[in-house]
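Undergrad: Structure in structure tokens, see below.
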Protein chains: 2
Amino acid sequence: MSLVELRTAILAKNDDLAAALRADLAAAGTYVVNLLSGPGSGKTALLELLLQRCVERGVPAAALTGDLATENDARRLARSGAPVRQIVTDGLCHLEADLVRDHLAGWLPEGTRLLFVENVGNLVCPASYDLGESLRVVLAAVTEGEDKPEKYPTAYRWADLVVLTKVDLVAACAFDEETFRASVQGVHPGVEVVTTSARTGEGVDGLLTRLLPPLP
Amino acid sequence: MSLVELRTAILAKNDDLAAALRADLAAAGTYVVNLLSGPGSGKTALLELLLQRCVERGVPAAALTGDLATENDARRLARSGAPVRQIVTDGLCHLEADLVRDHLAGWLPEGTRLLFVENVGNLVCPASYDLGESLRVVLAAVTEGEDKPEKYPTAYRWADLVVLTKVDLVAACAFDEETFRASVQGVHPGVEVVTTSARTGEGVDGLLTRLLPPLP
């Protein structure tokens, strides 16, 4: 079997697992949000605020957080009061559906309405792996520049929502939001872009409202 | 053949190719610097300045720049006046030695003393692939936070030099350099850290001096 054939088989198996996981979680009333970005885009800081808001609003939420190494992110996120579990991939550059399924088994609290899955910080490989999510969100920090959508097209093409983070640094970085939005639209016409700052809290409540599933 | 066996075979083949390429380039008097970082860490901006300085100082330098998509970076870098060639990986998440070798063949100007290879923006996968470089440099932007070395240990463990970029934004990001340096030392004790800003030019001349090979 060639590498291409092997990769195709792995992706097909992952897709099947992800579809089954999505069906199981939907049946349990759990809506899954997959958060994707490069390293240092502010996924964890934003997720900590989102979990805090869920606790405050009485929305049963939980998070799985993936990293190559360390349990640091799980410790940070647990400060929110929401249930959090770390997935240490031990070098694997992305999460896969079986890792998500195995870490949920026997852990996910019954009645969880919103489950966040924070992927490994990598704007390339995670884009190919369905994790059973209902919504895929790509984060871009203003500190990364305006051109990332066209340079990492797969991540943006398959995103249901784009979140621009660290907008408190727009002036310091001389970031041009219109250029960024044009780059997003060039890769994925029509996709919504939401702006946030974990430092000031700007946009976080609106984002959570956008992420919440419709009430059953 | 299992995925692990296949991956081991691919890496072993790449290592052999890289060793041969390093020997060929050394024989031709060309010293190769492999630049690694996540997306938006400022690799291209810093490289543009380094190439400009090489042109000004009369150092024969050239660059290969890798991206999933677009020739944008080659266009930016060519403004320096140095020879630049784009490698479009078409989805591949890292460069490999054969891609570098094939793009150098018939293109690399004779007498090139310093060849920069700008890897795909990804702090995970490129760390496993030797490209025939003499020096491997990992870039971290202050905008990414202090904790990336321990969270992406492979990239830092195999780096010969760490370059901290965008230091003009230290105050805006409330970045703590000592915490970052401690994180670096925890993963790779003794490795040197150089601070730079492509916006102000701080540290760029010193970095180039550090990167230049000893005169034959």
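Undergrad: How many residues does region A:13-32 hold that are within 14 Å of chain B (Cβ to nearest Cβ) and open to solvent by 30 Å² or more (accessible area, probe 1.4 Å)?
TA: Count: 1.
Undergrad: List the residue pairs whose Cβ atoms are under 6 Å apart, where the first residue sits in region A:14-42 and is on the phi > 0 side of the Ramachandran plot, the second is buried (at least 24 other Cβ atoms within 10 Å of the Cβ) and among the β-branched types (Val, Ile, Thr), and the two are 6 or more positions apart or on different chains.
TA: If the second residue must be buried (at least 24 other Cβ atoms within 10 Å of the Cβ) and among the β-branched types (Val, Ile, Thr), the pairs left are A:Gly42/A:Thr165.
Undergrad: Could you list, in sequence order, the residues of region A:130-185 that are over 15 Å from the mean Cα position of the chain (by Cα), under 15 Å from A:Thr196 (Cβ atoms) and hydroxyl-bearing (Ser, Thr, Tyr)?
TA: Result: A:Thr143, single match.
Undergrad: Now for a separate question. Test B:Ala140 against the criterion of being in contact with a Phe, Trp or Tyr (Cβ under 8 Å, 6 or more places away or on another chain) and within 16 Å of B:Ala18 (Cβ to Cβ), and give yes or no.
TA: Criteria not met by B:Ala140.
Undergrad: Go through region B:33-69 residue by residue and tally those that are more than 14 Å from every other protein chain (Cβ to nearest Cβ), touching a Gly at 6+ places or on another chain (Cβ under 8 Å) and open to solvent by 10 Å² or more (accessible area, probe 1.4 Å).
TA: Summing the residues that are more than 14 Å from every other protein chain (Cβ to nearest Cβ), touching a Gly at 6+ places or on another chain (Cβ under 8 Å) and open to solvent by 10 Å² or more (accessible area, probe 1.4 Å) in region B:33-69 gives 4.
Undergrad: Quick check on region A:74-97. Is at least one of its residues over 22 Å from A:Leu207 (Cα atoms), without any contact (Cβ under 8 Å) to a residue 12 or more places away in the chain and within 14 Å of another protein chain (Cβ to nearest Cβ)?
TA: Within region A:74-97, one or more residues are over 22 Å from A:Leu207 (Cα atoms), without any contact (Cβ under 8 Å) to a residue 12 or more places away in the chain and within 14 Å of another protein chain (Cβ to nearest Cβ).
Undergrad: Select, from B:Val100, B:Val117, B:Val137, the only residue that is in contact (Cβ under 8 Å) with a residue 40 or more places away in the chain, assigned to a helix (DSSP H, G or I), among the aliphatic types (A, V, I, L, M) and away from every other protein chain (no Cβ under 11 Å).
TA: Sole residue among the options that is in contact (Cβ under 8 Å) with a residue 40 or more places away in the chain, assigned to a helix (DSSP H, G or I), among the aliphatic types (A, V, I, L, M) and away from every other protein chain (no Cβ under 11 Å): B:Val100.
Undergrad: Right, here's the next one. Among residues belonging to region A:152-167 that are within 12 Å of chain B (Cβ to nearest Cβ) and open to solvent by 10 Å² or more (accessible area, probe 1.4 Å), point out the one that is nearest to A:Pro39 (Cα to Cα).
TA: Here the residue is A:Lys166.
Undergrad: For region A:186-193, state whether one or more residues are within 11 Å of another protein chain (Cβ to nearest Cβ) and free of Cβ contacts under 8 Å to residues at least 60 places away in the same chain.
TA: yes
Residues checked against (1) under 14 Å from the mean Cα position of the chain (by Cα); (2) more than 23 Å from A:Ala141 (Cα to Cα); (3) at pLDDT 95 or above; (4) not hydrophobic (A, V, I, L, M, F, W, C):
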position: A:Gln52; (1), (2), (3), (4): no, no, yes, yes
position: A:Glu56; (1), (2), (3), (4): no, yes, yes, yes
position: A:Thr65; (1), (2), (3), (4): yes, no, yes, yes
position: A:Arg76; (1), (2), (3), (4): no, no, yes, yes
position: A:Ala82; (1), (2), (3), (4): no, yes, yes, no
position: A:Thr89; (1), (2), (3), (4): no, yes, yes, yes
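Undergrad: If you scan region B:82-92, which residues turn out to be open to solvent by 20 Å² or more (accessible area, probe 1.4 Å), hydrophobic (A, V, I, L, M, F, W, C) and either out of contact with any helix residue (DSSP H, G or I) (no Cβ under 6 Å at 6 or more places or on another chain) or assigned to a loop (DSSP other than H, G, I, E, B) (or both)?
TA: B:Val88, B:Leu92
The values are calculated or read from the model by the stated rules, or taken from the named source; none is laboratory data. Small disclaimer: the values here were computed from a predicted structure and weren't measured. Backbone-built Cβ (ideal geometry, glycine too); neighbour counts: all protein chains shown. Surface accessibility is based on the protein's heavy atoms, side chains included, excluding ligands, DNA and RNA. Shrake-Rupley method; radii C 1.70, N 1.55, O 1.52, S 1.80 Å.
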